[in-house]
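**Student:** Sharing a structure here in structure tokens format.
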Amino acid sequence: MFDVIAGKYDFMNRALSLGIDVGWRKKAINLFKRDKPQHLLDVATGTGDMALLAAKLLQPQKITGIDISEKMLEIGRQKVAAQKGATQIDLLPGDGETINFGTDTFDGVMVAFGVRNFENLEQGLAEIKRVMRPGALLVILEFSRPKWVVAKTFYDVYMGMVAPQLAGLFRQNKQAYQYLNNSAKAFPDREKFVQILNRAGYSDTTFKPLSLGICSIYTGRKPLLIASK
């Protein structure tokens with residue numbers, strides 16, 4: 001499905017969110033500034049938007065992005081090649097539930113609008129934690145459903161009817177954008193997702209709604225190792 005829509009994916013993201021998603025991504029990435037990570041993992045990197053923005057805002061030594069869609073990665077690599085910067089960005093085929101890197105590899109991990117696509121959410125979160133170094137930060141950006149009734153009504157109409165119709169006008173796969181709505185509705189957001197992060201073994205877990213709750217930023221850390229006596 002993502003291979004099919006890859007060619008217009010960036011354009012549709014900007015159009016359907018009215019550009020607000022760029023601000024969401026910046027807020028999420030800026031949470032890493034205190035840690036100053038030097039090797040970041042971007043899970044479900046898609047066309048590399050988060051990786052490229054993190055390179056600009058954080059200037060780490062290296063960013064590795066993984067995604068299951070080769071077509072999305074092809075476009076991402078073209079974008080990386082066109083950017084001048086000191087950060088090395090590698091976009092590789094990979095599954096967030098079986099990450100092909102060793103334990104304790106990354107200084108931080110980010111996932112933007114990707115965890116709702118995991119077949120087994122808790123397995124994916126456990127696998128992400130495995131490749132994080134102790135104390136490293138996980139930042140997840142994901143759709144959530146607004147609580148305020150007016151915003152909730154607008155959100156349901158826009159995501160359920162307007163977005164798929166707009167996709168059709170731009171000759172995009174309407175079913176793909178209907179899937180976006182369905183997967184967002186099914187995702188256990190806010191406190192429920194924080195509980196899942198806790199069960200997966202993360203510490204210092206938080207969530208923060210953005211733009212009237214249309215999406216939320218979730219954070220958690222891989223616990224530090226405690227030396228035995």
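**Student:** For Phe154, work out the one condition from (1) in a loop (DSSP other than H, G, I, E, B); (2) modelled with pLDDT under 95 it doesn't fulfil.
**Tutor:** Checking Phe154 against (1) in a loop (DSSP other than H, G, I, E, B); (2) modelled with pLDDT under 95, the one that fails is (1).
**Student:** Within region 56-78, work out how many residues are touching an Asp or Glu at 6+ places or on another chain (Cβ under 8 Å), surrounded by fewer than 19 Cβ atoms within 10 Å (Cβ to Cβ) and not β-branched (Val, Ile, Thr).
**Tutor:** 3
**Student:** Restricting attention to region 190-211, does a residue exist that is surrounded by 12 or more Cβ atoms within 10 Å (Cβ to Cβ), modelled with pLDDT under 90, closer than 25 Å to Lys26 by Cα and within 15 Å of the chain's Cα centre (by Cα)?
**Tutor:** The answer is no; no qualifying residue exists.
**Student:** For region 24-49, name all the residues that are more than 15 Å from Thr105 (Cα to Cα) and touching a Phe, Trp or Tyr at 6+ places or on another chain (Cβ under 8 Å).
**Tutor:** Answer for region 24-49, where residues must be more than 15 Å from Thr105 (Cα to Cα) and touching a Phe, Trp or Tyr at 6+ places or on another chain (Cβ under 8 Å): Ala44, Gly46, Thr47.
**Student:** Could I ask something else about it? Can you spot a residue in region 169-182 that is at pLDDT 75 or above and either in a helix (DSSP H, G or I) or closer than 19 Å to Asp21 by Cβ (or both)?
**Tutor:** No, region 169-182 contains no residue that is at pLDDT 75 or above and either in a helix (DSSP H, G or I) or closer than 19 Å to Asp21 by Cβ (or both).
**Student:** Scan region 38-55 for residues that are more than 22 Å from Glu97 (Cα to Cα) and either modelled with pLDDT under 95 or buried (at least 21 other Cβ atoms within 10 Å of the Cβ) (or both) and jot them down.
**Tutor:** If the condition is that a residue be more than 22 Å from Glu97 (Cα to Cα) and either modelled with pLDDT under 95 or buried (at least 21 other Cβ atoms within 10 Å of the Cβ) (or both), then Leu52, Ala54, Ala55 are the ones that fit.
**Student:** If you don't mind, there's one more thing I want to ask. I need every pair where a residue in region 72-99 that is within 24 Å of Met132 (Cα to Cα) and modelled with pLDDT of 95 or more has its Cβ under 8 Å from the Cβ of a residue that is basic (Lys, Arg) and outside any strand (DSSP E or B), sequence separation at least 6 or different chains.
**Tutor:** Here the result reads Leu91/Arg77; Ile99/Arg130, each pair linking region 72-99 to a residue that is basic (Lys, Arg) and outside any strand (DSSP E or B).
**Student:** Scanning region 81-92 for residues that are in contact with a strand residue (DSSP E or B) (Cβ under 9 Å, 6 or more places away or on another chain) and under 14 Å from Gln59 (Cα atoms), which turns out surrounded by the most Cβ atoms within 10 Å (Cβ to Cβ)?
**Tutor:** Ile89
**Student:** Being under 13 Å from the mean Cα position of the chain (by Cα), among the charged types (D, E, K, R) and either at pLDDT 95 or above or surrounded by 24 or more Cβ atoms within 10 Å (Cβ to Cβ) (or both) is the requirement here; does Asp35 meet it?
**Tutor:** Considered against the rule, which asks whether it is under 13 Å from the mean Cα position of the chain (by Cα), among the charged types (D, E, K, R) and either at pLDDT 95 or above or surrounded by 24 or more Cβ atoms within 10 Å (Cβ to Cβ) (or both), Asp35 comes out as no.
**Student:** Now a separate question. Is it the case that some residue within region 22-32 is modelled with pLDDT of 95 or more, not in a helix (DSSP H, G or I) and not hydroxyl-bearing (Ser, Thr, Tyr)?
**Tutor:** Yes; the residues of region 22-32 include at least one that is modelled with pLDDT of 95 or more, not in a helix (DSSP H, G or I) and not hydroxyl-bearing (Ser, Thr, Tyr).
The values are calculated or read from the model by the stated rules, or taken from the named source; none is laboratory data. Computed from a prediction, not measured in an experiment: that's the story for all the values here. Cβ coordinates were reconstructed from backbone atoms using ideal geometry, including for glycine residues, and neighbour counts include every protein chain displayed.
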